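Before any comments, here is the structure.
The values are calculated or read from the model by the stated rules, or taken from the named source; none is laboratory data. Because the structure is predicted, anything quoted here is derived from the model rather than measured. Neighbour counts run over all protein chains shown; Cβ positions are idealised from the backbone, glycine included. Side chains are part of the model used for accessible areas, which takes the heavy atoms of the whole protein and leaves out ligands, DNA and RNA. Shrake-Rupley method; radii C 1.70, N 1.55, O 1.52, S 1.80 Å.
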Amino acid sequence: MTQPAHFQVAIDGPASAGKSTIAKILATDLKYVYVDTGAMYRAITLAAKQAGLAYEDEAGIVALLPKIEIAFLPGEPVQHVLLNGQEVTEEIRSTEITNNVSLVSSYQAVRADLVDRQRALTDQQPVIMDGRDIGTTVLPDAQVKIFLIASVDERAERRFKENQAKGMNPDLETLKKEIEERDYKDSHRAISPLTKAEDALTVDTTGQSIGQVVATIKQIIKDHQ
Ligand code: DC
């Protein structure tokens, strides 16, 4: 195992476990760059929609990849995501994109392309990267690997509150079903499925405040520095 030149923290886990909230706070406090890899898969899914492609059109989506530029800009409370220079921060979180991103992210060439882009972001700076395959595939030598989990009920409750805050009228049972479906698809795809890296530490956020989880992971990072 080679130690990466710049410190790497990998945070993986299922949908709505709190990965991006926690990763962003840690990155701000520790002055690391935060890389939200889920946002990158979502941006590719949106690019397919904008190009008028069916989500099942793997060859069409793969042909689009060289023309897709994804950038992150710092922002509060969330980073801004730019797709070919256009702000798509909210659009990539729509229900349509959320329900189709698992399919698009199962395409081998999409994953290979994004994994290259994700690794390139670690060349110059310490990073906290969150996703599904960061500890297993993207950054196998990361100094710290966290597997963040929470019960399905609690994750559905969190999504419910988020959607309510956005002025939507969510249904808790539907959200629970969507989360379970996405968990299943993300954990059962052929390439880089969601799995805990052998050397990852599991942190269960069920019943924990954001502050408690941040403190737990900060201590883990400190212990590995
Ligand atoms: O973290 P998120 O919910 O924004 O991720 C959206 C989807 O992208 C998720 O359902 C699976 C996929 N994804 C992936 O396959 N690999 C990653 N490293 C990150 C996300």
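Listed values, structure above:
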| item | result |
| --- | --- |
| Matching option when the condition is open to solvent by less than 60 Å² (accessible area, probe 1.4 Å) and touching a Ser or Thr at 6+ places or on another chain (Cβ under 9 Å), among 144, 104, 127 | 104 |
| Residue identified as touching a helix residue (DSSP H, G or I) at 6+ places or on another chain (Cβ under 8 Å), touching a residue at least 60 places away in the same chain (Cβ under 8 Å) and of a type outside the set (Asp, Glu) among 25, 68, 92 | 25 |
| Filter pass, residue 54 being open to solvent by 70 Å² or more (accessible area, probe 1.4 Å), more than 16 Å from the chain's Cα centre (by Cα) and small (Gly, Ala, Ser) | no |
| Positions within segment 118-149 being of a type in the set (Lys, Arg) and touching a strand residue (DSSP E or B) at 6+ places or on another chain (Cβ under 7 Å), in sequence order | 132, 145 |
| Complete set of residues in segment 198-221 that are of a type outside the set (Val, Ile, Thr) and in contact (Cβ under 8 Å) with a residue 40 or more places away in the chain | 199, 200, 201, 204, 207, 218 |
| Residue satisfying condition, being buried (at least 17 other Cβ atoms within 10 Å of the Cβ), touching a Lys or Arg at 6+ places or on another chain (Cβ under 7 Å), modelled with pLDDT under 95 and within 21 Å of residue 186 (Cα to Cα), within set 20, 16 | 16 |
| Within segment 32-55, tally of residues that are charged (D, E, K, R) and free of Cβ contacts under 8 Å to residues at least 60 places away in the same chain | 2 |
| Qualifying positions in segment 78-88 - touching a residue at least 40 places away in the same chain (Cβ under 8 Å) and either surrounded by fewer than 13 Cβ atoms within 10 Å (Cβ to Cβ) or within 26 Å of residue 6 (Cβ to Cβ) (or both) | 78, 79, 81 |
| Residue under evaluation residue 89, criteria (1) assigned to a helix (DSSP H, G or I); (2) under 19 Å from residue 163 (Cβ atoms), criterion not met | (1) |
| Every residue from segment 23-48 that is within 11 Å of the chain's Cα centre (by Cα) and open to solvent by less than 10 Å² (accessible area, probe 1.4 Å) | 23, 35, 37, 39, 40 |
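Results for (1) among the aromatic types (Phe, Trp, Tyr); (2) away from the ligand (no atom under 13 Å from the Cβ); (3) surrounded by fewer than 14 Cβ atoms within 10 Å (Cβ to Cβ); (4) more than 14 Å from the chain's Cα centre (by Cα), shown as yes or no for each residue.
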{"position": "120", "(1), (2), (3), (4)": "no, yes, yes, yes"}
{"position": "171", "(1), (2), (3), (4)": "no, yes, yes, yes"}
{"position": "184", "(1), (2), (3), (4)": "yes, no, yes, yes"}
{"position": "195", "(1), (2), (3), (4)": "no, no, no, no"}
{"position": "217", "(1), (2), (3), (4)": "no, yes, no, yes"}
